[in-house]
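The values are calculated or read from the model by the stated rules, or taken from the named source; none is laboratory data. None of these values were measured; they are calculated from a predicted model. Here the Cβ is made from the backbone with ideal geometry for all residues, glycine too, and neighbour counts use every protein chain on show.
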């Protein structure tokens, strides 16, 4: 039993290392494309955290949607822009200052929220599959959000079709 | 349950060891005599010119956007489909209601798909009569 807990702690700290290091690479990388690839490891590390919190479905969603979908979209977006950081004007000193201020402000907000939180702890339960429970809740208690999500997706698709059309029309 | 994911971790670690171990062994074993000629990017024997950062066709982005939406649809549908069998065991009408709920979800997205299809978001090469047809741009140069 103790060995299992130690194994979980080791996996947790290794995942922490992967997330923090890859996030730092993503922030400080000179080329946007390297930043995007580093972001891949950050997102996968987040999935690792979800696994460790016994949220198996959420972890798979994280990989499928974020690492598999959004990151690919991001990469295509970068490859389409065909510009380096210098050309985009991100290398300017004012950008760094503005970014630092915005980051610090966000950090302060986060600290405020974390300090305000009550942090209820539930006793640890053995890890069980959550997918079926989520499905049952989606069909009963959270039916309206479930159906609204399909309408939201419809809106997103119409929006994307519109965006693409405008780009093509140029 | 956690051990099932431990399998994945072991798999990931072994993959990393295999890939980087092979590269490391190769680096240790091989001789290194680099020349400027050898260090150039291979381009079928031609001297390479220009940036290798080629601009992609915009349609890749387009398809990725549509893909993302149906990706999320699968995420929403997957847990629901798992419980349908369970609902059937409770009562038949309950299952039919659930199927109806899922069907509504799917129909809305089918409408979305038809819209995207109609607007040409899925076309790889646009029809010539389309008002948005532009020059084909697989060659950026």
Of the listed residues (B:75, B:54), the one being at pLDDT 80 or above and surrounded by 12 or more Cβ atoms within 10 Å (Cβ to Cβ) is B:75
Regarding the range B:35-45, can at least one residue be identified that is surrounded by 10 or more Cβ atoms within 10 Å (Cβ to Cβ) and within 30 Å of residue A:74 (Cα to Cα)? yes
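Quick grid of which residues meet (1) assigned to a helix (DSSP H, G or I); (2) closer than 19 Å to residue B:7 by Cα; (3) at pLDDT below 90:
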position: A:17; (1), (2), (3): yes, no, no
position: A:21; (1), (2), (3): yes, no, no
position: A:35; (1), (2), (3): yes, no, yes
position: A:39; (1), (2), (3): yes, no, no
position: A:45; (1), (2), (3): yes, yes, no
position: A:51; (1), (2), (3): yes, yes, yes
Notebook entry, point to check: If we scan the range B:98-121, do we find a residue that is in a loop (DSSP other than H, G, I, E, B), at pLDDT 75 or above and surrounded by 12 or more Cβ atoms within 10 Å (Cβ to Cβ)?
Noted result: yes
Only unsatisfied item for residue B:88, checking (1) touching a helix residue (DSSP H, G or I) at 6+ places or on another chain (Cβ under 6 Å); (2) modelled with pLDDT under 85; (3) within 12 Å of chain A (Cβ to nearest Cβ), is (3)
Going through the range A:113-153 in order, the residues found to be closer than 15 Å to residue B:75 by Cα, free of Cβ contacts under 8 Å to residues at least 24 places away in the same chain and within 22 Å of the chain's Cα centre (by Cα) are A:145, A:146, A:149, A:150, A:152, A:153
